[in-house]
Amino acid sequence: MQKVIKFFNKNYLLIILNIILIILTICIFTNFTYDFDNYILLNFAKIRNNFLTKFMILISEFGRWYFIATIIVLSIFLLKNKKDFFILIFNSFFVLLMNLLIKIIFTRIRPINFMIVEEKGYSFPSGHAMVSFTFYVTLLFLIKKYIANNNIKKILQIFIIILIILIPISRIYLGVHYLTDVVAGILISAIIILIEKKYLKLF
């Protein structure tokens with residue numbers, strides 16, 4: 001019993017996140033969240049306007065695989081430690097592949113009636129939320145490690161934190177994901193980051 005308590009105390013956040021993810025997944029695929037998800041999308045649809053739509057499309061681009069791939073290519077010349085470079089790759093393309101696999105397993109249809117941009121593939125979990133969260137959180141660790149100038153460091157950190165918040169929101173606004181898709185993507189990413197930090201000692 002003491003070993004169980006010790007294990008929980010050491011891993012309580014990881015355990016809690018996994019429990020929340022499991023409960024959320026069950027609720028989604030028993031349609032328990034259907035009305036709530038649609039209510040959120042309806043309220044986002046009410047605030048749409050031309051300027052905000054263009055802004056959200058722009059924000060969403062920061063979570064596209066080709067934008068992230070471009071930053072990774074540029075990072076070759078900036079990261080002195082090649083281990084950090086491979087961590088960045090792993091936390092991008094591995095997570096992307098994981099996301100695609102989960103989507104194939106669960107095959108949740110996108111909220112087609114709310115979509116204002118064209119998006120293919122399944123809905124759960126949000127690839128933008130999952131991949132961008134893992135990638136940009138990794139960037140935060142690398143900025144802290146590599147950028148010596150405090151002012152530049154703070155500006156970059158604030159910009160990235162804004163992206164981490166706005167990219168998932170943009171996917172709901174554009175009607176290509178339910179709120180629960182986005183939350184699930186963030187939860188999975190947070191679990192991956194915690195495992196890497198706690199057990200793999202990558203950060």
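Of note:
- Residue count for segment 129-151, restricted to those that are surrounded by 14 or more Cβ atoms within 10 Å (Cβ to Cβ) and either under 30 Å from GLU118 (Cβ atoms) or free of Cβ contacts under 8 Å to residues at least 12 places away in the same chain (or both): 12
- From the list PHE62, PHE36, the one residue that fits, being aromatic (Phe, Trp, Tyr), surrounded by 12 or more Cβ atoms within 10 Å (Cβ to Cβ) and in contact with a helix residue (DSSP H, G or I) (Cβ under 6 Å, 6 or more places away or on another chain), is PHE62.
- Only residues that are among the charged types (D, E, K, R) and not in a helix (DSSP H, G or I) were counted across segment 58-74, and they come to 1.
- For segment 152-200, the set of residues classified as over 21 Å from PHE29 (Cα atoms), touching a residue at least 40 places away in the same chain (Cβ under 8 Å) and polar (S, T, N, Q) consists of SER170 only.
- Scoring PHE77 on the criteria (1) exposed (fewer than 10 other Cβ atoms within 10 Å of the Cβ); (2) modelled with pLDDT of 95 or more; (3) not in a helix (DSSP H, G or I); (4) not aliphatic (A, V, I, L, M) leaves a single failure, condition (2).
- Subset of segment 102-146 (residues that are of a type in the set (A, V, I, L, M) and under 17 Å from LEU24 (Cβ atoms)): ILE102, ILE105, ALA129, MET130
- Test for SER132: is it part of a loop (DSSP other than H, G, I, E, B), at pLDDT 90 or above and among the polar types (S, T, N, Q): no
- When every residue of segment 99-109 is checked against the conditions, at least one turns out to be in contact with a helix residue (DSSP H, G or I) (Cβ under 6 Å, 6 or more places away or on another chain) and either closer than 13 Å to VAL176 by Cα or modelled with pLDDT of 95 or more (or both).
- Within segment 90-114, restricting attention to residues that are β-branched (Val, Ile, Thr) and either buried (at least 16 other Cβ atoms within 10 Å of the Cβ) or in contact with a Phe, Trp or Tyr (Cβ under 6 Å, 6 or more places away or on another chain) (or both), the residue that is nearest to ASN38 (Cα to Cα) is THR107.
- Qualifying residue in segment 118-131 (condition: basic (Lys, Arg) and closer than 20 Å to PHE67 by Cβ): yes
- Each residue in segment 80-97 was checked for being modelled with pLDDT under 85 and of a type in the set (S, T, N, Q), and 1 pass.
The values are calculated or read from the model by the stated rules, or taken from the named source; none is laboratory data. This structure is a prediction, so every number in the text was calculated from the model and none was measured. We place every Cβ from the backbone using ideal geometry, glycine too, and count neighbours over all the protein chains shown.
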